[in-house]
Amino acid sequence: QMWEEAIALGKELAEQYENEMFDYEQLSELLRKQAQFYENIVKVIRPKPDYFAVGYYGQGFPTFIRNKVFIYRGKEYERREDFEARLLTQFPNAEKMKTTSPPGDDIKNSSGQYIQCFTVKPKLDLPSKFHRPVSEQIVSFYRVNEVQRFEYSRPVRKGEKNPDNEFANMWIERTIYVTAYKLPGILRWFEVKSVFMVEISPLENAIETMQLTNDKINNMVQQHLNDPNLPINPLSMLLNGIVDPAVMGGFTNYEKAFFTEKYMHEHPEDHDKIEKLKDLIAWQIPFLAEGIRIHGEKVTEALRPFHERMEACFRQLKDKVEKQYGVRAVLSSLDDRRGSRPRSMVRSFTMPSSSRPLSVASVSSISSDSTPSRPGSDGFVLEPLLPKKMHSRSQDKLDKDDLDKDKKEKKKEKRNSKHQEIFDKEFKSTDISLQQSEAVILSETISPLRPQRPKSQVINVISSERRFSVSPSPPSSQVTPPPITPRTKLSFSMQSNLELNGMSSSDIPDVPPPLPLKGSMADYGNLMESQDLISPTTSPPAHQRVSP
């Protein structure tokens, strides 16, 4: 469950997968594992193992442990008695020492085996990256892991014994043990390399005790805010032991020992420490208030009388503390105390239909009748057949349809000229929209830079009937009909007759190109513009030869 170490190793592997091996499948699996590790750190409560100091004294031990002290990391939920029993099974002839003070030379030089074992407290050493307050769930890992300093505190009484208040002359003798390496490591135990001792005054001990109590209340409140399903019994015992101290008396003992005129007169150098202790007492009230509030929300009906008594004791304690030491309030909001992350900002891309961007086909279908849409040089656009837009993929097929339509039109409008019949047939929107509205016709759109084809098909009109003829290609400087051979740029669109040659009406010169050589039975009707300049009833003499 040392997920922090697993994440550090995972980052090294991720660097290899991403930048050296380019194995994205392994990278994705590794990142999913890391995400699960981060979630476990925040949500899973891990047991805190105990650490034990073990001294092997006497000449009966092997040389590598003789007269040395080691720090052991116990197993999960392993008590000191169980650890001692497990340790003594390895040395059945050893004798367990009953004191925690260092032994004398007589024991060290004896031929026997003496084992000294007691519990030590790991000293928190936060990494430098935690430069701001973080959640207790994150910090709790470093309280029992990656530790190299351990301490053991032993109470020592100095001066006259005060039967009314034992805290006034209770000093703490604290021994600090520094191991060769951080625990846990490749082993569950390491040798102690250095030992030194410090003394803690009664006032400093009181400040430290109040700080630890406040931290314990705050941490338990944080745990219940993060996980509402936690059992309420530990919270009940903690709160009741503070607001209703029937045995120990709470911080009232500190008031009797340090907040007196006699003590302040004898120890004027402790004025700042006394003020700090008063501040810690005042800050305990808002922490207790939040804990009692959570306790009231989760308490069962069977424990309701217990909770009401605890609330009554807290009200008395609150009135007393606020009157003597002032009011403290936790300014951070409930969400900040929970340490919860902000919700992810999810942007919705759902838009009403009126404001959605149109697709290429939609834009093309609603474009102007006179200007066909061309979204790209190589784009394929599917458009419905609109009036005034006739174009063919096969000239032969449309010409046959045109002959049939011509016969029907001649029966209805015999008085119209040949030119008028063609005009009516090509631009009559009503008839074409009814007959061709559902057709989708493939057409070719060419750019002016395409090579010219050698031959083309043109429509020839002779008096009352229409025929097909093949004419040689005009010079490259003239307008050319659309090619039929290899198609490179296709567009499904309907274009007018003016765009049959790949050019708009604005690109057509004022003077028509010279007519190619034709037979005596032929007429010239390539373009409508040419027909407008030549009378429909007049045709060139058959015997004239015009060079292209």
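Would you confirm whether or not segment 201-221 contains a residue that is in a strand (DSSP E or B), under 29 Å from PHE52 (Cβ atoms) and of a type in the set (Val, Ile, Thr)?
Restricting attention to segment 201-221, the residues satisfying the condition of being in a strand (DSSP E or B) are none.
Taking every residue of segment 201-221 in turn, none turns out to be in a strand (DSSP E or B), under 29 Å from PHE52 (Cβ atoms) and of a type in the set (Val, Ile, Thr).
Give ARG149, ARG174 a once-over and let me know the one that is among the basic types (Lys, Arg) and open to solvent by less than 40 Å² (accessible area, probe 1.4 Å). Before the answer, list the steps.
On the way: ARG149 fails: open to solvent by less than 40 Å² (accessible area, probe 1.4 Å).
One residue alone meets the criteria, ARG174.
Of all residues in segment 321-331, those that are in a helix (DSSP H, G or I) and surrounded by fewer than 13 Cβ atoms within 10 Å (Cβ to Cβ) total 2. Restricting to segment 17-43, name every residue that is part of a helix (DSSP H, G or I), open to solvent by 90 Å² or more (accessible area, probe 1.4 Å) and more than 18 Å from ASN226 (Cα to Cα). Passing the criteria: GLU20, MET21, TYR24, GLU25, ARG32, LYS33. Give the residue, chosen from ARG46, ARG73, that is surrounded by fewer than 17 Cβ atoms within 10 Å (Cβ to Cβ) and in contact (Cβ under 8 Å) with a residue 12 or more places away in the chain. None of the others qualify; the one that does is ARG46. Can you tell which of TYR77, TYR56, TYR72, TYR51 is in the same structural domain as PHE141 (by the TED database), of a type in the set (Phe, Trp, Tyr) and modelled with pLDDT under 95? None of the others qualify; the one that does is TYR77. Can you pull out the residues in segment 109-134 that are within 48 Å of the chain's Cα centre (by Cα), open to solvent by 90 Å² or more (accessible area, probe 1.4 Å) and farther than 22 Å from LEU183 by Cα? Selection gives HIS131, ARG132, PRO133.
Residues are listed down the side, and each one gets a yes or a no for (1) in a helix (DSSP H, G or I); (2) touching a strand residue (DSSP E or B) at 6+ places or on another chain (Cβ under 9 Å); (3) acidic (Asp, Glu):
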{"site": "VAL134", "(1), (2), (3)": "no, no, no"}
{"site": "ILE138", "(1), (2), (3)": "yes, no, no"}
{"site": "ARG143", "(1), (2), (3)": "yes, yes, no"}
{"site": "ASN162", "(1), (2), (3)": "no, no, no"}
{"site": "VAL178", "(1), (2), (3)": "no, yes, no"}
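Exactly one residue among ASP82, ASP106 is outside any strand (DSSP E or B), open to solvent by less than 80 Å² (accessible area, probe 1.4 Å), assigned by the TED database to the domain that holds VAL195 and not aromatic (Phe, Trp, Tyr), and that residue is ASP82. The residues of segment 52-74 that are farther than 19 Å from TYR181 by Cα and not in a strand (DSSP E or B), listed by number, are GLY58, GLN59, GLY60, PHE61, PRO62, THR63, ARG66, ASN67.
The rows are residues; the columns are (1) without any contact (Cβ under 8 Å) to a residue 60 or more places away in the chain; (2) over 43 Å from the mean Cα position of the chain (by Cα).
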residue: LEU235; (1), (2): no, no
residue: ASP272; (1), (2): yes, yes
residue: PRO286; (1), (2): yes, no
residue: GLU290; (1), (2): no, no
residue: LYS298; (1), (2): no, no
residue: ARG309; (1), (2): no, yes
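The single condition among (1) modelled with pLDDT under 90; (2) β-branched (Val, Ile, Thr); (3) buried (at least 18 other Cβ atoms within 10 Å of the Cβ) that THR252 does not satisfy is (3). For segment 210-221, the candidate set comprises residues that are open to solvent by less than 50 Å² (accessible area, probe 1.4 Å) and within 16 Å of GLY250 (Cβ to Cβ); within that set, the residue that is farthest from the chain's Cα centre (by Cα) is MET210.
The values are calculated or read from the model by the stated rules, or taken from the named source; none is laboratory data. In this text the structure is predicted, and so the values were computed from the model without any measurement. Backbone-built Cβ (ideal geometry, glycine too); neighbour counts: all protein chains shown. We work out accessible area using only protein heavy atoms, side chains counted, and drop any ligands, DNA or RNA first. Shrake-Rupley method; radii C 1.70, N 1.55, O 1.52, S 1.80 Å.
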